[in-house]
Every structure is written in structure tokens, then in C-alpha cells.
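Asks: Pasting a structure below so you can have a look.
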Amino acid sequence: MQGFGTTIFAEMTGLAVRTGSINLGQGFPDTDGPAALLETAIEAIRGGANQYPPGPGVPELREAIAAQRLDRYGLAYDPGSEVLVTVGATEGIAASLLALAGPGDEVIVFEPYYDSYAAMITLAGAVRRTVTLRPAGGRFTFDPDELRAAVGPRTRLILVNSPHNPTGTVFSRAELEVIAGVCREYDLVAITDEVYEYLTFDDAEHIPLATLEGMRDRTVTLSSAGKSFSATGWKTGWVTAPAPYVAAVQTVKQFLTYTASAPYQLAVAYGLRHELAWVEGLRKSLEAKRDRLITGLEAAGFETIKPQGTYFVQADIRPLGFTDGYELARALPERAGVVAVPSQVFYDHAQAGAHFVRFAFCKKDEVIDEAVERLTRLQVPR
Ligand code: PMP
Ligand code: GLN
């Protein structure tokens, strides 16, 4: 793991805490999820759900996850053999990569990528091949030829994150068809990270890759309660996939953590069954917060690329006279009392992301307003 150091989220949150800055770096909400969800976790503890739950997850949650995939996307999974509860999507990513990629195998990943992908591909002894998402037509997308060119004889997996952190892109059906076509042609397995599945804006629609022709049987889907229920600290995620893949992932997962926290599993089962109207309210409020932050960032001199989903907006720093996002992110607390994440850490080809910083808008309106007010200080002649 030499070379991996500390994650950018820990580094930037540490910087925010030390300097008392507004933290628009790490993506976590500053308000709680639905009250009844929180109450269910408390009640579960009071009710004695305090010992090891079954390794694959409590039946209530596995059944609720299967029902959610069926109701929302028409995807049928057997809760007994095709659903696995993990310690956040992070463990789902780790266990899936360790289970399905071995030394020398190649894994295709779109850059910028969520940082744990690179770490876990490395821990699996595998090699990553990146396909770059670039701004075009007001959103980040990829060149299908570049994707096809990334496939080689050792390619086993493709990792797909949509809605995408940090660009906010929600892959269209046409983009997903290209990915599915590559998977079918080269016999690849897809791992999809859908943790922002509910958090899409305007007319963007989240389409699970597994719903495309021939893809259910070759897709390992990951999601999590963290983003949907504003409970990122609960670390409750899940895998849905054909039984042989779930069995392989479970084999790894049992030695990573054995099982996930019992009371949160029960609460999340409740949430998936009863709190989806609350999630829709969250989605709407995040859409408004996105617009609020974008308007403010543009007024402060940044150029922004409007995200179709997630918590995040990519801001181009060049109009303000900066070129290196890492340098700016390190200087931002002192210069403006705000923390952002430099996007270049999510790239192998850092140059492609050098001039972007990522701001999170999953914050109270007054926090966004204060951050924007502070960021206008960057415009004073330097
Ligand atoms: N994938 C993506 C794209 C994320 O942004 C995050 C951040 N939370 C995760 C996975 C991790 O999810 P969890 O907190 O459920 O482990
Ligand atoms: N997913 C969040 C982000 O992208 C935070 C993840 C973390 O802290 N590991 O900011």
C-alpha cells in the first residue's frame, strides 16, 4: 500500500477541523435522516439486537433489498442467495474486487474514480486500466473507442459508478448500452456502484446496468443506505448479483468483517420499506442545493459543470487564475475558510483533472451561502 498515504477525505476533513473552515470537501450531510429510521435503530438496540447477525445479513434487510430492486427496477433477486449485506458499499467494493480479480487481471475503471477502487484493485494484485471522463456538452462523458481500446486479453472486470462521484454524471441508456456491449463482446463482469441511485436531478434517470440485455447475469451491483438516508456513518451497504458471484463475494466478506452491524441493518430494512417518500424529499432538496451552490460558485468566479446527480459539483478553477486544484485546495482554508477536494487525486492522468476541485452541496442552505460568500474573497487581486 506504499504510495496510498491518507485518503483525501481524511486529509481535507482534518484540514477543515484544524482551521475551523466550512467543509465542502468530504461528502456527508449536516442534517439527519428520517426520525423514524433513527428511532428504529435505537429500538433495535433496546430490543436486544446486539449480537452477531447472520453473516449474509439479517433476513429482514435482505428481503427489503430484494423488494426494492424488484419494485424500482424490475430486477428479481433471491434474498436467500443473491443478496449480501456489507459494511457500507466500501466493503462491497473491497470484497467484490478481492473475489473477482486476481494477480495480473485487468480492471477497467472510469477516471476520475472513487478512491477506494484504486486501492482495492491494487490489494487484489490486479491492474487498473482507466478510461477518462471528459466534459462535453455540459457533462462528463467517455469516448466509446477509448473504452473498447482499454480492453485486453487480461481484462476481467469493469467498474461502473453511476450516478458518478465526483463528476455528477448519470450515465444515459446510450452510454450504458456501449458499456454493456463491451461486457458482452469480451465476456467481462461488471461491478456497478449505485450508492447515489436515488439522488438524480432534472430529468436524469438512474438505470441499473443489470437491467440491460444480458447484463443481469454478469453484473455485481453495489449500493448503500448512507446517501439515500443521510446516514453515511451507519456503513450499511449491499451486494445484489447472481448466486455464484454473491457466494464468491461472501467468501471474502466473511473474513473481512464476518457481518455488518445488527441494529443498523434492522433500521435500514425499515427505511427501504417505509421511508422512500422521505428520500424523494431529500432528492428534491439536494437538487435545489445543487442550484444554490452552482449559482454561488459562478458568482464567485468559478466555472461549473452541472451535475445530474450525487452530492458534488466539479468547479473549474482556471477563470480565477488558478491552475492546480491541489495547491488551491491546500490554500483554500487560509484564503477563504472553505475546504474542497482536489479532483486530480481521482485520476491516473492527473493532468486531466488538475484544474477541477470538487465541492459538496449536501449541506444546510446557510452553510452553502456562507461558503459562497467566503469564496468570493478569491476574486480580490492576488
Ligand atoms: N462509492 C461511492 C461512489 C461513494 O461516493 C461512496 C462514498 N460514500 C462510497 C462508495 C462508499 O459508500 P459507504 O459509505 O456506504 O461505504
Ligand atoms: N463518499 C464521500 C466522498 O466522496 C466520503 C467517503 C469517505 O470519506 N471515505 O466525499
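Asks: On alpha-carbon atoms, Rg over Rh for region 41-96 using Kirkwood Rh?
Replies: That ratio is 1.02, to two decimals.
Asks: So if R0 is 41 Å, what FRET efficiency would GLN51 and GLU303 give, r being the distance between their Cβ atoms, rounded to the nearest 0.05?
Replies: According to the calculation, E is roughly 0.15.
Asks: So what's the convex hull volume per residue for the Cα atoms of region 150-280, in Å³?
Replies: 135
Asks: Among the listed pairs LYS284/LYS363; LYS235/LYS284; LYS235/LYS306, give every one whose C-alpha distance is greater than 22 Å.
Replies: Check vs 22 Å cut-off fails for LYS235/LYS284; LYS235/LYS306.
Asks: Further question on the same structure: How high is the FRET efficiency between ALA174 and GLU334 when r is their beta carbon distance and R₀ equals 45 Å, given to the nearest 0.05?
Replies: So, using R0 = 45 Å, E works out to roughly 0.50.
Asks: Quick one: dipole size for region 88-136, taken about the Cα centre, charges +1 on Lys/Arg Cβ and -1 on Asp/Glu Cβ, in debye to the nearest 20.
Replies: Value, rounded to 20: 140 debye.
Asks: So, one more: Can you list, largest first and rounded to whole Å, the semi-axes you get for region 121-171 by taking the square root of 5 times each eigenvalue of its Cα gyration tensor?
Replies: 23, 14, 8
Asks: For the chain, what is the accessible area per residue in Å², given a 1.4 Å probe and the full set of protein chains?
Replies: Accessible area per residue: 39 Å².
Asks: May I ask you to compute the full-extension gain from VAL367 to THR257, defined as 0.36 nm times their residue separation minus their alpha-carbon distance, rounded to one decimal in nm?
Replies: Fully extending the segment from VAL367 to THR257 adds 36.0 nm.
Asks: I need to check one value: relative contact order of the chain, counting alpha carbon pairs closer than 8 Å and at least 6 residues apart, in percent.
Replies: 24
Asks: If you add up the charges near ALA118, with Lys and Arg at +1 and Asp and Glu at -1, over every other residue whose beta carbon is less than 10 angstrom from its beta carbon, what do you get?
Replies: For residues surrounding ALA118, the net value is -2.
Asks: Let me ask another. How much length is gained on full extension from ALA10 to ASP348, taking 0.36 nm per residue of separation minus their Cα-Cα distance?
Replies: 119.7 nm
Asks: Now for a separate question. Provide the gained length on full extension for the span ASP71 to GLU280, in nm with one decimal, where the gain is 0.36 nm per separating residue minus the Cα-Cα distance.
Replies: Taking ASP71 through GLU280 to full extension adds about 73.7 nm, to one decimal.
Asks: Tell me, what does the Kirkwood hydrodynamic radius of the chain come to in angstroms if you use every pair of distinct C-alpha atoms?
Replies: 21.1
Asks: Continuing with this model, one more query. Which percent of the accessible heavy-atom area of the chain goes to carbon and sulfur, probe 1.4 angstrom?
Replies: Carbon and sulfur together cover 52 percent of it.
Asks: Then there's this: Heads up, I need the accessible area for ASP202: 1.4 angstrom probe, whole protein in place, Å², nearest 10.
Replies: Roughly 90 Å² of ASP202 is accessible to a 1.4 Å probe.
Asks: Using modelled amide H (1.01 Å from N, peptide plane; none on Pro or chain starts), what sits under 5 Å from the amide H of THR192, excluding residues fewer than 5 places away?
Replies: VAL160, VAL220, THR221, LEU222
Asks: Could you give the size of the charge dipole of region 1-147 about its Cα centre, using +1 on the Cβ of each K and R and -1 on the Cβ of each D and E, expressed in debye and rounded to the nearest 20?
Replies: So the magnitude is around 220 debye.
The values are calculated or read from the model by the stated rules, or taken from the named source; none is laboratory data. Please read these numbers as outputs of a predicted model, since none were measured by experiment. Heads up, the Cβs are rebuilt from the backbone with ideal geometry, glycines too, and the neighbour counts pull from every protein chain shown. Accessible surface areas use protein heavy atoms only, side chains included; no ligands, DNA or RNA. Shrake-Rupley method; radii C 1.70, N 1.55, O 1.52, S 1.80 Å.
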